[in-house]
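In what follows, a single structure is set out as C-alpha coordinates and then discussed.
The values are calculated or read from the model by the stated rules, or taken from the named source; none is laboratory data. From a predicted model like this one, the values you see are computed outputs, not experimental measurements. Cβ: placed from backbone, ideal geometry, glycine included. Neighbour counts: every protein chain shown. Calculation scope for accessible area: heavy atoms of the full protein, side chains included, ligands and nucleic acids excluded. Shrake-Rupley method; radii C 1.70, N 1.55, O 1.52, S 1.80 Å.
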Amino acid sequence: MNIHEYQAKAVLKEFGLPVSKGVAIFKPEEAEAAAKELGGPVWVVKSQIHAGGRGKGTFKGAPAGAKGGVRVTKSIDEVKQFAGEMLGQTLVTIQTGEAGKQVNRLYIEEGAQIAAEFYLSMLVDRETGQVAFVVSTEGGMDIETVAHDTPEKIVTFSVDPATGIMPHHGRAVAKALGLTGPQAKEAADLTNKLYAAFTAKDMSMLEINPLVLTGDGHLKCLDAKISFDSNALYRHPDIVALRDETEEDAKEIEASKYDLAYIALDGTIGCMVNGAGLAMATLDIIKLYGEEPANFLDVGGGATEEKVTAAFKIITADPQVKGILVNIFGGIMKCDVIARGVIAAVKAVGLEVPLVVRLEGTNVEEGKAIISGSGLNVIPADDLDDAAQKIVAAVKKG
Ligand code: GDP
Ligand code: MN
(Lines give C-alpha, C1' and ligand atoms only; values in the text may rest on other atoms or scores of the structure.)
(Ligands and ions follow the chains in the order given, each with its own letter.)
Protein backbone atom coordinates (compact mmCIF):
# COMPACT_ATOMS: atom_id res chain seq x y z
CA MET A 1 0.00 0.00 0.00
CA ASN A 2 1.22 3.47 -0.88
CA ILE A 3 0.54 6.78 0.84
CA HIS A 4 0.88 10.43 -0.09
CA GLU A 5 4.02 12.48 0.48
CA TYR A 6 2.46 14.58 3.24
CA GLN A 7 1.33 11.45 5.06
CA ALA A 8 4.76 9.88 4.66
CA LYS A 9 6.35 12.99 6.16
CA ALA A 10 3.99 12.81 9.14
CA VAL A 11 5.09 9.21 9.70
CA LEU A 12 8.76 10.22 9.47
CA LYS A 13 8.17 13.09 11.88
CA GLU A 14 6.81 10.64 14.47
CA PHE A 15 10.25 9.07 14.45
CA GLY A 16 12.00 12.39 14.90
CA LEU A 17 13.13 12.80 11.31
CA PRO A 18 13.65 16.30 9.90
CA VAL A 19 10.86 17.43 7.57
CA SER A 20 9.52 20.86 6.68
CA LYS A 21 6.37 22.26 8.24
CA GLY A 22 3.38 21.91 5.99
CA VAL A 23 -0.40 21.92 5.68
CA ALA A 24 -2.44 19.61 3.47
CA ILE A 25 -5.41 21.15 1.67
CA PHE A 26 -8.27 19.81 -0.41
CA LYS A 27 -9.83 23.04 -1.76
CA PRO A 28 -8.28 26.15 -3.34
CA GLU A 29 -10.06 28.30 -0.72
CA GLU A 30 -7.90 26.70 1.95
CA ALA A 31 -4.63 27.81 0.33
CA GLU A 32 -4.43 31.30 1.81
CA ALA A 33 -5.00 30.20 5.41
CA ALA A 34 -2.45 27.41 4.98
CA ALA A 35 0.16 29.82 3.63
CA LYS A 36 -0.47 32.30 6.44
CA GLU A 37 -0.25 29.58 9.05
CA LEU A 38 3.18 28.60 7.73
CA GLY A 39 4.29 32.21 7.59
CA GLY A 40 6.69 32.13 4.66
CA PRO A 41 8.71 33.87 3.30
CA VAL A 42 8.97 30.95 0.84
CA TRP A 43 6.29 28.37 0.15
CA VAL A 44 6.21 25.21 -1.92
CA VAL A 45 2.92 24.06 -3.45
CA LYS A 46 3.06 20.31 -3.99
CA SER A 47 0.56 18.15 -5.87
CA GLN A 48 -0.22 15.02 -3.91
CA ILE A 49 -0.56 11.95 -6.14
CA HIS A 50 0.81 8.45 -5.74
CA ALA A 51 3.50 8.98 -8.36
CA GLY A 52 6.86 10.66 -8.57
CA GLY A 53 8.31 13.04 -11.11
CA ARG A 54 5.77 15.70 -10.14
CA GLY A 55 8.26 18.54 -10.33
CA LYS A 56 8.87 17.91 -14.02
CA GLY A 57 5.27 16.88 -14.71
CA THR A 58 2.76 18.84 -16.77
CA PHE A 59 -0.95 19.42 -16.34
CA LYS A 60 -3.25 18.21 -19.08
CA GLY A 61 -4.62 21.05 -21.10
CA ALA A 62 -2.17 23.55 -19.59
CA PRO A 63 -0.31 25.72 -22.10
CA ALA A 64 3.02 24.31 -23.29
CA GLY A 65 5.85 25.15 -20.92
CA ALA A 66 3.45 25.63 -18.02
CA LYS A 67 5.09 24.93 -14.69
CA GLY A 68 4.99 21.52 -13.03
CA GLY A 69 3.28 19.81 -10.12
CA VAL A 70 5.71 21.21 -7.51
CA ARG A 71 6.16 24.99 -7.46
CA VAL A 72 8.20 27.27 -5.22
CA THR A 73 7.04 30.83 -4.61
CA LYS A 74 7.57 33.85 -2.36
CA SER A 75 4.04 35.19 -2.75
CA ILE A 76 0.82 34.20 -1.03
CA ASP A 77 -1.09 35.32 -4.11
CA GLU A 78 0.86 32.79 -6.14
CA VAL A 79 0.20 30.07 -3.57
CA LYS A 80 -3.51 30.77 -4.11
CA GLN A 81 -3.11 30.91 -7.86
CA PHE A 82 -1.13 27.65 -8.02
CA ALA A 83 -3.66 25.89 -5.79
CA GLY A 84 -6.41 26.94 -8.20
CA GLU A 85 -4.38 25.73 -11.18
CA MET A 86 -3.52 22.36 -9.67
CA LEU A 87 -6.51 21.09 -7.68
CA GLY A 88 -8.91 19.04 -9.75
CA GLN A 89 -6.52 18.99 -12.72
CA THR A 90 -4.75 15.98 -14.22
CA LEU A 91 -1.02 15.81 -13.72
CA VAL A 92 1.04 13.75 -16.15
CA THR A 93 4.48 12.65 -14.99
CA ILE A 94 7.03 10.12 -16.15
CA GLN A 95 5.51 7.69 -13.61
CA THR A 96 1.77 8.20 -14.20
CA GLY A 97 1.66 7.17 -17.85
CA GLU A 98 -0.20 9.24 -20.43
CA ALA A 99 -3.50 9.10 -18.58
CA GLY A 100 -2.01 11.07 -15.68
CA LYS A 101 -3.56 11.39 -12.23
CA GLN A 102 -6.09 13.82 -10.91
CA VAL A 103 -4.75 16.05 -8.14
CA ASN A 104 -7.24 16.08 -5.27
CA ARG A 105 -4.92 17.16 -2.48
CA LEU A 106 -2.10 19.66 -2.16
CA TYR A 107 0.63 20.00 0.40
CA ILE A 108 1.67 23.56 1.13
CA GLU A 109 5.10 23.55 2.73
CA GLU A 110 7.48 26.12 4.05
CA GLY A 111 10.24 26.39 1.48
CA ALA A 112 13.71 25.15 2.34
CA GLN A 113 16.98 26.59 1.08
CA ILE A 114 18.89 23.90 -0.74
CA ALA A 115 22.70 23.68 -0.61
CA ALA A 116 22.87 20.10 -1.94
CA GLU A 117 20.41 17.43 -3.07
CA PHE A 118 21.11 13.80 -2.13
CA TYR A 119 19.33 10.52 -2.72
CA LEU A 120 18.51 7.94 -0.06
CA SER A 121 16.22 4.95 -0.25
CA MET A 122 15.61 1.79 1.69
CA LEU A 123 13.98 -1.41 0.60
CA VAL A 124 13.60 -5.03 1.54
CA ASP A 125 16.26 -6.85 -0.43
CA ARG A 126 14.75 -10.25 -1.14
CA GLU A 127 18.06 -11.74 -2.16
CA THR A 128 19.76 -11.11 1.18
CA GLY A 129 16.59 -11.02 3.27
CA GLN A 130 17.81 -7.73 4.72
CA VAL A 131 16.89 -4.08 4.63
CA ALA A 132 19.10 -2.38 2.07
CA PHE A 133 20.14 1.27 1.89
CA VAL A 134 20.79 2.97 -1.44
CA VAL A 135 22.59 6.29 -1.07
CA SER A 136 23.94 8.79 -3.56
CA THR A 137 25.19 12.35 -3.73
CA GLU A 138 23.24 12.66 -6.98
CA GLY A 139 19.78 13.44 -5.64
CA GLY A 140 16.86 15.38 -7.03
CA MET A 141 17.14 13.91 -10.47
CA ASP A 142 16.30 10.60 -11.96
CA ILE A 143 18.17 7.95 -9.98
CA GLU A 144 17.79 5.42 -12.82
CA THR A 145 19.92 7.68 -15.02
CA VAL A 146 22.58 7.89 -12.31
CA ALA A 147 22.53 4.10 -11.92
CA HIS A 148 22.97 3.71 -15.66
CA ASP A 149 25.54 6.40 -16.43
CA THR A 150 27.54 6.67 -13.21
CA PRO A 151 26.88 3.59 -11.08
CA GLU A 152 29.96 4.34 -8.95
CA LYS A 153 28.04 7.27 -7.49
CA ILE A 154 25.54 4.94 -5.83
CA VAL A 155 26.48 3.27 -2.56
CA THR A 156 24.45 0.34 -1.26
CA PHE A 157 24.71 -1.79 1.85
CA SER A 158 22.29 -3.86 3.87
CA VAL A 159 21.59 -4.26 7.55
CA ASP A 160 21.66 -7.66 9.19
CA PRO A 161 18.39 -8.00 11.13
CA ALA A 162 20.21 -9.98 13.82
CA THR A 163 22.34 -6.97 14.79
CA GLY A 164 20.01 -4.23 13.65
CA ILE A 165 21.36 -0.83 12.75
CA MET A 166 24.96 -0.26 13.91
CA PRO A 167 27.15 2.85 14.16
CA HIS A 168 29.10 1.80 11.06
CA HIS A 169 25.92 2.00 8.97
CA GLY A 170 25.50 5.64 9.91
CA ARG A 171 29.15 6.29 9.07
CA ALA A 172 28.65 4.57 5.70
CA VAL A 173 25.80 6.93 4.86
CA ALA A 174 27.80 9.99 5.94
CA LYS A 175 30.78 8.85 3.89
CA ALA A 176 28.65 8.14 0.83
CA LEU A 177 27.30 11.69 1.04
CA GLY A 178 30.70 13.23 1.69
CA LEU A 179 29.65 14.60 5.08
CA THR A 180 32.03 15.18 7.99
CA GLY A 181 31.96 16.59 11.53
CA PRO A 182 28.53 17.52 12.92
CA GLN A 183 26.89 16.81 9.55
CA ALA A 184 28.22 13.25 9.63
CA LYS A 185 26.67 12.90 13.10
CA GLU A 186 23.38 14.15 11.71
CA ALA A 187 23.57 11.63 8.88
CA ALA A 188 24.17 8.82 11.37
CA ASP A 189 21.27 9.97 13.52
CA LEU A 190 19.06 10.12 10.43
CA THR A 191 20.12 6.61 9.44
CA ASN A 192 19.14 5.23 12.85
CA LYS A 193 15.77 6.93 12.81
CA LEU A 194 14.99 5.87 9.25
CA TYR A 195 15.77 2.27 10.10
CA ALA A 196 13.58 2.47 13.20
CA ALA A 197 10.68 3.88 11.16
CA PHE A 198 11.15 1.37 8.37
CA THR A 199 11.09 -1.68 10.60
CA ALA A 200 8.49 -0.45 13.12
CA LYS A 201 5.98 0.32 10.36
CA ASP A 202 6.73 -2.72 8.17
CA MET A 203 7.66 -0.65 5.16
CA SER A 204 8.71 -2.35 1.96
CA MET A 205 10.17 0.79 0.38
CA LEU A 206 11.12 4.26 1.57
CA GLU A 207 12.56 6.80 -0.82
CA ILE A 208 13.80 10.27 0.04
CA ASN A 209 14.67 12.13 -3.11
CA PRO A 210 15.91 14.67 -2.47
CA LEU A 211 17.41 14.44 0.99
CA VAL A 212 18.87 17.91 1.18
CA LEU A 213 21.54 19.81 2.96
CA THR A 214 19.85 23.09 3.83
CA GLY A 215 21.39 26.53 3.54
CA ASP A 216 22.22 26.46 7.26
CA GLY A 217 23.92 23.08 6.97
CA HIS A 218 21.32 20.61 8.22
CA LEU A 219 19.84 17.51 6.64
CA LYS A 220 16.16 17.50 5.72
CA CYS A 221 13.82 15.05 3.98
CA LEU A 222 12.36 17.20 1.20
CA ASP A 223 10.38 14.45 -0.49
CA ALA A 224 9.18 11.12 0.88
CA LYS A 225 7.65 8.12 -0.75
CA ILE A 226 6.65 5.07 1.30
CA SER A 227 5.20 1.67 0.40
CA PHE A 228 4.04 -0.65 3.13
CA ASP A 229 4.01 -4.42 3.14
CA SER A 230 0.32 -5.24 2.58
CA ASN A 231 0.65 -8.49 4.52
CA ALA A 232 1.62 -6.55 7.65
CA LEU A 233 -1.09 -3.89 7.46
CA TYR A 234 -3.23 -5.67 10.03
CA ARG A 235 -0.63 -4.59 12.58
CA HIS A 236 -0.91 -0.92 11.61
CA PRO A 237 -4.44 0.51 11.74
CA ASP A 238 -2.88 4.01 11.77
CA ILE A 239 -1.34 3.30 8.36
CA VAL A 240 -4.48 1.66 6.95
CA ALA A 241 -6.33 4.87 7.87
CA LEU A 242 -4.07 6.74 5.40
CA ARG A 243 -5.26 4.68 2.45
CA ASP A 244 -6.54 6.83 -0.44
CA GLU A 245 -8.76 4.58 -2.54
CA THR A 246 -9.06 7.18 -5.30
CA GLU A 247 -5.41 6.43 -6.08
CA GLU A 248 -5.99 2.72 -6.52
CA ASP A 249 -7.38 0.64 -9.36
CA ALA A 250 -11.18 0.43 -8.88
CA LYS A 251 -11.16 -3.20 -9.97
CA GLU A 252 -8.49 -4.07 -7.40
CA ILE A 253 -10.52 -2.42 -4.65
CA GLU A 254 -13.64 -4.36 -5.67
CA ALA A 255 -11.60 -7.57 -5.74
CA SER A 256 -10.17 -6.93 -2.28
CA LYS A 257 -13.73 -6.76 -0.88
CA TYR A 258 -14.15 -10.38 -1.91
CA ASP A 259 -10.68 -11.33 -0.76
CA LEU A 260 -9.64 -12.11 -4.33
CA ALA A 261 -5.98 -11.82 -5.30
CA TYR A 262 -6.41 -9.54 -8.32
CA ILE A 263 -3.88 -7.39 -10.14
CA ALA A 264 -4.79 -5.35 -13.22
CA LEU A 265 -2.42 -5.74 -16.19
CA ASP A 266 -2.25 -4.13 -19.62
CA GLY A 267 -3.32 -6.89 -22.00
CA THR A 268 -6.56 -8.12 -23.54
CA ILE A 269 -7.21 -11.59 -22.10
CA GLY A 270 -9.03 -11.72 -18.78
CA CYS A 271 -8.00 -14.68 -16.66
CA MET A 272 -9.78 -16.47 -13.86
CA VAL A 273 -7.57 -19.07 -12.26
CA ASN A 274 -7.23 -20.84 -8.93
CA GLY A 275 -3.83 -20.87 -7.30
CA ALA A 276 -1.08 -18.30 -7.75
CA GLY A 277 1.27 -20.77 -9.47
CA LEU A 278 -1.33 -21.81 -12.01
CA ALA A 279 -2.24 -18.14 -12.52
CA MET A 280 1.38 -17.29 -13.35
CA ALA A 281 1.67 -20.27 -15.66
CA THR A 282 -1.51 -19.08 -17.38
CA LEU A 283 -0.08 -15.58 -17.90
CA ASP A 284 3.10 -17.10 -19.30
CA ILE A 285 1.36 -19.35 -21.76
CA ILE A 286 -0.89 -16.55 -23.02
CA LYS A 287 2.24 -14.54 -23.76
CA LEU A 288 3.84 -17.58 -25.37
CA TYR A 289 1.00 -17.72 -27.88
CA GLY A 290 1.32 -14.03 -28.64
CA GLU A 291 -1.26 -12.20 -26.53
CA GLU A 292 -1.10 -10.28 -23.27
CA PRO A 293 -3.11 -10.98 -20.09
CA ALA A 294 -5.48 -8.28 -18.82
CA ASN A 295 -5.11 -9.32 -15.22
CA PHE A 296 -3.81 -11.75 -12.66
CA LEU A 297 -6.67 -13.28 -10.70
CA ASP A 298 -6.42 -16.07 -8.18
CA VAL A 299 -9.86 -16.98 -6.82
CA GLY A 300 -8.16 -19.12 -4.19
CA GLY A 301 -8.83 -22.60 -2.93
CA GLY A 302 -12.16 -22.53 -1.17
CA ALA A 303 -13.96 -19.91 -3.25
CA THR A 304 -17.74 -19.77 -3.00
CA GLU A 305 -20.09 -19.35 -5.95
CA GLU A 306 -20.59 -15.72 -4.85
CA LYS A 307 -16.86 -15.07 -4.94
CA VAL A 308 -16.50 -16.64 -8.38
CA THR A 309 -19.41 -14.53 -9.62
CA ALA A 310 -17.77 -11.36 -8.27
CA ALA A 311 -14.48 -12.29 -9.90
CA PHE A 312 -16.09 -12.90 -13.26
CA LYS A 313 -17.96 -9.60 -13.07
CA ILE A 314 -14.74 -7.71 -12.37
CA ILE A 315 -13.14 -9.27 -15.45
CA THR A 316 -16.09 -8.59 -17.78
CA ALA A 317 -16.41 -4.99 -16.56
CA ASP A 318 -12.92 -4.23 -17.89
CA PRO A 319 -13.30 -2.67 -21.37
CA GLN A 320 -9.77 -3.81 -22.24
CA VAL A 321 -10.84 -7.45 -22.03
CA LYS A 322 -11.38 -8.97 -25.48
CA GLY A 323 -11.58 -12.57 -24.33
CA ILE A 324 -11.74 -14.57 -21.11
CA LEU A 325 -9.90 -17.67 -20.08
CA VAL A 326 -11.15 -19.63 -17.09
CA ASN A 327 -8.51 -22.11 -16.06
CA ILE A 328 -9.33 -24.21 -13.03
CA PHE A 329 -7.61 -27.17 -11.54
CA GLY A 330 -10.07 -28.40 -8.95
CA GLY A 331 -8.43 -29.65 -5.80
CA ILE A 332 -10.07 -28.02 -2.83
CA MET A 333 -11.86 -25.83 -5.37
CA LYS A 334 -14.66 -27.72 -7.03
CA CYS A 335 -15.29 -27.42 -10.76
CA ASP A 336 -19.07 -27.33 -10.35
CA VAL A 337 -18.80 -24.30 -8.04
CA ILE A 338 -16.75 -22.49 -10.68
CA ALA A 339 -19.25 -23.43 -13.37
CA ARG A 340 -22.20 -22.14 -11.33
CA GLY A 341 -20.38 -18.92 -10.48
CA VAL A 342 -19.48 -18.25 -14.11
CA ILE A 343 -23.05 -18.89 -15.25
CA ALA A 344 -24.55 -16.70 -12.51
CA ALA A 345 -22.22 -13.87 -13.53
CA VAL A 346 -22.95 -14.24 -17.24
CA LYS A 347 -26.69 -14.21 -16.51
CA ALA A 348 -26.29 -11.04 -14.47
CA VAL A 349 -23.98 -9.06 -16.75
CA GLY A 350 -24.03 -10.80 -20.11
CA LEU A 351 -21.07 -11.98 -22.14
CA GLU A 352 -19.85 -10.06 -25.15
CA VAL A 353 -16.43 -11.62 -25.64
CA PRO A 354 -15.28 -15.18 -26.31
CA LEU A 355 -14.95 -17.39 -23.25
CA VAL A 356 -12.71 -20.44 -23.04
CA VAL A 357 -13.16 -22.72 -20.05
CA ARG A 358 -10.72 -25.38 -19.02
CA LEU A 359 -11.81 -27.42 -16.03
CA GLU A 360 -9.91 -30.30 -14.49
CA GLY A 361 -10.02 -32.11 -11.18
CA THR A 362 -12.67 -32.42 -8.47
CA ASN A 363 -16.25 -32.62 -9.84
CA VAL A 364 -15.02 -31.95 -13.36
CA GLU A 365 -17.78 -33.90 -15.09
CA GLU A 366 -20.45 -32.07 -13.13
CA GLY A 367 -18.82 -28.73 -13.94
CA LYS A 368 -18.61 -29.48 -17.65
CA ALA A 369 -22.23 -30.66 -17.69
CA ILE A 370 -23.39 -27.43 -16.02
CA ILE A 371 -21.58 -25.32 -18.61
CA SER A 372 -22.65 -27.31 -21.66
CA GLY A 373 -26.23 -27.44 -20.37
CA SER A 374 -26.34 -23.68 -19.85
CA GLY A 375 -26.70 -22.89 -23.53
CA LEU A 376 -23.89 -20.34 -23.21
CA ASN A 377 -21.44 -19.91 -26.03
CA VAL A 378 -18.46 -21.35 -24.20
CA ILE A 379 -15.42 -22.81 -25.93
CA PRO A 380 -14.36 -25.88 -23.95
CA ALA A 381 -10.68 -26.78 -23.66
CA ASP A 382 -8.92 -29.94 -22.55
CA ASP A 383 -5.71 -28.65 -21.05
CA LEU A 384 -3.77 -25.45 -20.41
CA ASP A 385 -2.02 -25.48 -23.76
CA ASP A 386 -5.22 -26.09 -25.70
CA ALA A 387 -7.04 -23.42 -23.67
CA ALA A 388 -4.40 -20.76 -24.26
CA GLN A 389 -4.29 -21.41 -28.01
CA LYS A 390 -8.08 -21.29 -28.26
CA ILE A 391 -8.49 -17.99 -26.42
CA VAL A 392 -5.62 -16.35 -28.29
CA ALA A 393 -7.13 -17.51 -31.61
CA ALA A 394 -10.59 -16.27 -30.60
CA VAL A 395 -9.27 -12.85 -29.56
CA LYS A 396 -7.21 -12.48 -32.75
CA LYS A 397 -10.24 -13.36 -34.86
CA GLY A 398 -12.51 -10.95 -33.00
P1 GDP B 1 8.97 14.92 -7.34
O2 GDP B 1 9.32 15.71 -8.57
O3 GDP B 1 7.63 14.24 -7.45
O4 GDP B 1 10.05 13.96 -6.95
O5 GDP B 1 8.80 16.00 -6.16
P6 GDP B 1 9.86 16.59 -5.09
O7 GDP B 1 9.17 16.69 -3.80
O8 GDP B 1 11.12 15.81 -5.10
O9 GDP B 1 10.11 18.05 -5.63
C10 GDP B 1 10.72 18.28 -6.89
C11 GDP B 1 11.82 19.31 -6.76
O12 GDP B 1 11.29 20.52 -6.27
C13 GDP B 1 12.92 18.95 -5.78
O14 GDP B 1 13.89 18.12 -6.35
C15 GDP B 1 13.49 20.31 -5.42
O16 GDP B 1 14.46 20.68 -6.37
C17 GDP B 1 12.28 21.22 -5.56
N18 GDP B 1 11.81 21.56 -4.21
C19 GDP B 1 10.98 20.84 -3.43
N20 GDP B 1 10.83 21.41 -2.22
C21 GDP B 1 11.60 22.52 -2.23
C22 GDP B 1 11.90 23.53 -1.27
O23 GDP B 1 11.43 23.54 -0.12
N24 GDP B 1 12.73 24.54 -1.66
C25 GDP B 1 13.29 24.57 -2.89
N26 GDP B 1 14.11 25.57 -3.20
N27 GDP B 1 13.04 23.63 -3.82
C28 GDP B 1 12.21 22.62 -3.50
MN1 MN C 1 11.28 13.68 -5.42
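Structure above, values below:
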quantity: Gain in span if fully extended, Asp259 to Ile76, counting 0.36 nm per residue against the direct Cα distance; calculated: 61.2 nm
quantity: Computed [θ] at 222 nm, helices only, for the chain once each DSSP H run of length n ≥ 4 contributes -39500 (n - 2.57); calculated: -10500 deg cm²/dmol
quantity: Amide proton proximity set for His236, modelled H, under 5 Å, gap of 5+; calculated: none
quantity: Cβ-based net charge around Ala344, under 12 Å, with every Lys or Arg adding one and every Asp or Glu removing one; calculated: +2
quantity: Local electrostatic count, Cys221, Cβ distance below 11 Å [Lys/Arg +1, Asp/Glu -1]; calculated: +2
quantity: Rel. contact order, % - alpha carbon contacts under 8 angstrom, at least six apart, the chain; calculated: 12 percent
quantity: Positive minus negative residues near Ala317 (Lys, Arg vs Asp, Glu; Cβ under 13 Å); calculated: -3
quantity: Cβ crowding within 10 Å averaged over residues, with 310-319, 359-368 ranked highest first; calculated: 310-319, 359-368
quantity: Rounded to 5, the percent of DSSP beta bridges in the chain classed as antiparallel; calculated: 75 percent
quantity: Label-point separation in nm, Val349 to Asp266, each point 7 Å along Cα→Cβ; calculated: 2.4 nm
quantity: Karplus (6.51, -1.76, 1.60) ³J(HN,Hα), θ = phi - 60°, over the range 277-283, in Hz, Gly and Pro reported as x; calculated: x, 5, 4, 5, 4, 5, 4
quantity: Residues whose placed amide H lies under 5 Å from that of Ile114, excluding near-sequence neighbours; calculated: Gly215
quantity: For the range 114-240: relative contact order, % (alpha-carbon pairs under 8 angstrom, 6 or more apart); calculated: 28 percent
quantity: Per-residue HN-Hα couplings for the range 223-234 [Karplus 6.51, -1.76, 1.60; θ = phi - 60°; Hz; x = Gly/Pro]; calculated: 9, 8, 10, 10, 10, 10, 5, 4, 5, 9, 4, 4
quantity: Computed FRET value (nearest 0.05) for Thr145 with Asp383, which takes r as the C-beta separation and R₀ as 45 Å; calculated: 0.45
quantity: Antiparallel %, DSSP beta bridges [both residues in the range 249-397], to 5; calculated: 20 percent
quantity: ³J(HN,Hα), Karplus 6.51/-1.76/1.60, whole Hz, each residue of the range 38-50, x for Gly, Pro; calculated: 6, x, x, x, 10, 10, 10, 9, 10, 5, 9, 9, 7
quantity: Cα-based shape type of the range 249-397, given that a ≥ b ≥ c are square roots of the gyration tensor eigenvalues and the cut on a/c is 1.5; calculated: rounded
quantity: Extension gain from Arg243 to Ala162, taking 0.36 nm per residue of separation minus the Cα-Cα distance; calculated: 26.0 nm
quantity: Rg/Rh ratio calculated on Cα atoms of the chain (Kirkwood radius); calculated: 1.06
quantity: Heavy-atom accessible area order for Ile391, Ile332, largest first, 1.4 Å probe; calculated: Ile332, Ile391
quantity: The chain - accessible surface per residue (Å², probe 1.4 Å); calculated: 47 Å²
quantity: Distance in nm between pseudo-label sites at Gln320 and Gln130 (7 Å out along the Cβ direction from Cα); calculated: 3.8 nm
